[in-house]
Amino acid sequence: MNQDSKLSKINSPEDVRRLSIEELGQLCDELREYIVSVVCECGGHLAPNLGVTELTVALHYTFDSPRDKIIWDVGHQCYVHKILTGRRESFKKLRQDGGISGFPDPQESPCDAFAAGHASTSISAAMGYATGRDIQGEDYKVIAVIGDGALTGGLAHEGLDNAGASGRDLLVVLNDNQMSISPNVGAFSHYLNDIILDPRYNKLKKDIWEMTGKLPVGKEQIRNFAHRLEESLKNLIVPGMLFEELGFKYLGPIDGHNLDELIPKLKSIKDLEGPVLLHVLTKKGKGYEHAEENPIRFHGTPAFDSTTGKSIPARIPGYSRFFGEAAVELAESNHRIMAITAAMPDGTGLDRFQKEFPDRFFDVGIAEQHAVIFAAGMAKVRIRPLVAIYSTFIQRAFDMAIIDVALQDLPVVFALDRAGVGGDDGPTHNGVFDISFMSLIPNMIVSAPKDEVELRDLMYTAFLQDSAPFSIRYPRDSGVGLIRSLRFRELPVGSWEMLEDGADVAILATGSMVYPALWARKLLAKEGLSAAVVNCRFIKPMDHELLDKILAKFETIVTVEENVLRGGFGSQVALHASGKPGLYSRIFHLGIPDTFLKQAKRSTILERLGLSPAGIQSFVKKALHERVDEHSVKGEHLS
């Protein structure tokens, strides 16, 4: 940064408030340049952050963080906020091992008022803050910043409904980056907002309201007439009547990139009483040509060349790509297959399906609960819905998977992308719970492919089922590099696969852990240890016949999974074994411990957890060498 740099002098929000409006403009330019320079090296959410640069600067210029609470929805647009709140230098290690999170994290800074990572939560959290503030007699400001995409989530509407009815002082900033409102509407709203924000107007309105309350007769009729007249006028010229009906003062839309407009407006509404919603228009990717031209591509991006905007392509495509291709192939021969996703057509690999079968593709927005019940309704009329949602997000529809799908035994196919360790997106995006919660649902088939070919075969098998819901989990990773088979193959539901037999120990691995277990077997063989490796592609139902043979043959058994140990695959193996008297097998479990995993490269986290070939080898050796007597407890996890 040069000597005249404004960004180099920003170490806290107070430093932002010392700058002039002109200097704030320069600061915004430097912020964009800095964010691009970091994200091109480590990857991250680029376009959303470039789009909220002026808005974030204006918020910190107007409000007093951390005393005032700025709550970010989803949180993937918090980079500018982090840089302005004392994390300028640590931002260089964004989403890296030992670095800062790509999402708000109260452990990093008191300026991060609320942890986020899943959408549509900010208004409810702000309502909680505002209620607690009022009960405790405090007077700080509460601001929720939510995007128009997150507003598609039902939770956001629940928050709006409750906040509007409460009458409590809080500000909701709606960041609309679709730019779908015409200039004429904007001009009308500017005029109306100037009136609404004029303190003389508000005082006059309050005086008239109090005066009508003192009338001996007819006061309610006069008040009702005045209210209807005001609503009728606003209906003609204000695009935010819905928010007004919910109890908010609606202001906007205003230009979210114009500091000369943003800052005066925020200052004007800062002390307004009651719930207020400010509607700002922004452009995703603003200030970086490649992100402006392709905001979807740069929403969340791996490392890229900042000059050309091009990423380095993976040598082997990821599981999402193989899933998307298989979905298209299956849909070509089965016209009843319909694909559903929750605002993730590109992320899940369904973008090609969307192009090939636009009438059979449904993006419901950030509404996972609706997506699952929507699919259940389709299944009721013999449509075959394919619901593709990240593992971390399907958690939100857990109740729907139980009551609306499984209870009715409906053949909904759940494709759980990013299952297991999410890596640099951190704890909010780790999909490490789905084996546990999907397995406890009656009627649900739970599976995990060992590679991209088995993923295709499991999808084919899922659509052959006429009644049971079917869950398929696969990781955020590249495939193993197999040549794709030309034909789909049906896999008997509940079947396992003995890949390698052995004499000393049996390794029962599921999904992404099968190939690491095979490589661990080779390492063990060099030390004279013979390990059997079983591909446990079905977690529920299990291959009880093969499992019983393994329990009878091996004294030591190790289960390996990329899921939490509590309620996971290994615990289900142990539960089955506990009902088999006379079997003295020792069962040890390797998986994810009872903790939230911080951000780092996926490979780094797996290695740290012992879920690498060398880690599995070490764990198996320790299990074999443990002295276990007749009083030892099965299901021990070796640390």
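Nothing in this text is a laboratory measurement; each read-out follows from the coordinates by a stated rule. As the structure is a prediction and not an experimental result, all values here were calculated from the model. Every residue, glycine as well, gets a Cβ built from its backbone with ideal geometry; the counts of neighbours run over all protein chains shown.
Things worth noting here:
- Within-12-Å neighbourhood charge of ALA468 [Cβ basis; K, R +1; D, E -1]: -1
- Identified option (computed percent of Cα pairs over 51 Å apart; candidates [x] 19; [y] 43; [z] 33): [x]
- Counting every other Cβ atom within 10 Å of each residue's Cβ, TRP496, TRP72, TRP519 order from fewest to most as TRP519, TRP496, TRP72.
- Extent along principal axes [Cα atoms of region 319-473; Å; largest to smallest]: 38, 32, 30
- Two-site label geometry, ARG489 and ASN294: point separation in nm, points 7 Å out along Cα→Cβ: 3.6
- Residue (of PHE103, PRO264, VAL534) at the positive-pole extreme of the chain, dipole from beta-carbon charges: VAL534
- Full extension of the chain between LYS92 and THR604 yields a length gain of 182.5 nm, computed as 0.36 nm times the residue separation minus the alpha carbon distance.
- LEU170 long-range amide H proximity, modeled H, under 5 Å: GLY274, VAL276
- For the pair GLN26 and GLU158, label points projected 7 Å from Cα toward Cβ lie 4.8 nm apart.
- Residues listed by number, region 8-48, amide nitrogen under 16 Å from THR307 label point at 7 Å toward C-beta: 37, 40-41
- Using a Förster distance of 30 Å, the FRET efficiency for ASP260-GLU33 (Cβ separation, nearest 0.05): 0.90
- Of the residues ILE35, ASN563, HIS544, the one whose Cα sits farthest towards the positive end of the charge dipole of the chain is HIS544 (charges of +1 on Lys and Arg Cβ, -1 on Asp and Glu Cβ, taken about the Cα centre).
- Label zone at ASP399, where the point sits 7 Å out along the Cα-to-Cβ direction: region 98-128 residues whose backbone N lies under 20 Å: 118-128
- Estimated FRET transfer efficiency (THR131, ARG18; beta-carbon r; R0 41 Å; 0.05): 0.75
- MRE, 222 nm, helices only [DSSP H, n ≥ 4, -39500 (n - 2.57), over the chain, to nearest 500]: -12000 deg cm²/dmol
- Modelled FRET efficiency - R0 22 Å, GLN465 with LYS549, Cβ distances, 0.05 increments: 0.25
- Spin-label model, GLU41 to LEU440: label points 7 Å out along the Cα-to-beta-carbon direction sit 4.4 nm apart.
- Region 497-625 shape via C-alpha gyration tensor axes, a/c threshold 1.5: oblate
- Virtual paramagnetic centre 7 Å along Cα→Cβ of ASP139, amide N under 15 Å, in region 47-82: 64, 68
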